[in-house]
Amino acid sequence: MAYLLMGQNVKKFDESLQIINQLITAHPNTADYHYMKGILYSQKEDYKNALPSFIKAVEIDPNNTNHVFYLAIAYDKQKDFKNAEKYFQKSIELSPENANAYNYLGYLYAEKGINKEKSEELLIKATNLEPDNAAYQDSIGWIYFKQNRLSEALLHLHFAEQVSGDRDQEDPVIF
């Protein structure tokens, strides 16, 4: 019920939070309840409050790749790059086929203008795992642009534009 109430179309966050808090009180060592609380705060873009919930979820279940991945995102949203990087790397270790983790970390490096070779490696891995993902194609195009490899950048950026357009998912960031 808590999950359904926090849905993007329902957005009954207070009611959902009340249920989640009751569940956590009754079962404080259930990682999924802390994770759900973190997701709820993330949907509200309240990463300051999401972070402790994700930390608790990972403390309880350190090998759950979803918990680790969302902890990394919360750290990134709180501008804690060191911990975001650490947990994205852990997410990749736990789930080597998680294209989203490769893309997120590779894009972070590209945005910061650091570890450009590692960024490229991560973004290539993401696009190899999901070659028709417009966001990942956009990311690899971005690192090529940052490396002044303009013809390669354009190839991937145009492909990202075409894929998103073909799916009626036009993304203003890509355009």
At the level of C-alpha centres, the distance separating segment 140-154 and segment 54-127, in angstrom, is 22
Yeah, segment 78-137 with a ≥ b ≥ c from its alpha-carbon gyration tensor (a/c under 1.5 is rounded, else prolate when a/b outruns b/c, oblate otherwise) is oblate
To the nearest 0.05, the calculated FRET efficiency linking Glu170 and Lys86 through their beta-carbon distance, R0 being 25 Å, is 0.15
With all protein chains present, the chain has a carbon and sulfur share of its accessible area (1.4 Å probe) in percent of 48
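Tell me whether segment 1-156 comes out rounded, prolate or oblate; compute the Cα gyration tensor, take square roots of the eigenvalues as a ≥ b ≥ c, and use a/c under 1.5 as the rounded threshold.
prolate
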Helix 31-43 sits off the longest principal axis of the Cα atoms of the chain, rounded to the nearest 10 on a 0 to 90 degree scale, by 60
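The values are calculated or read from the model by the stated rules, or taken from the named source; none is laboratory data. Given the structure is predicted, the values throughout are model-derived calculations rather than measurements. Here the Cβ is made from the backbone with ideal geometry for all residues, glycine too, and neighbour counts use every protein chain on show. All accessible areas refer to the heavy atoms of the entire protein, side chains included, with ligands and DNA or RNA removed. Shrake-Rupley method; radii C 1.70, N 1.55, O 1.52, S 1.80 Å.
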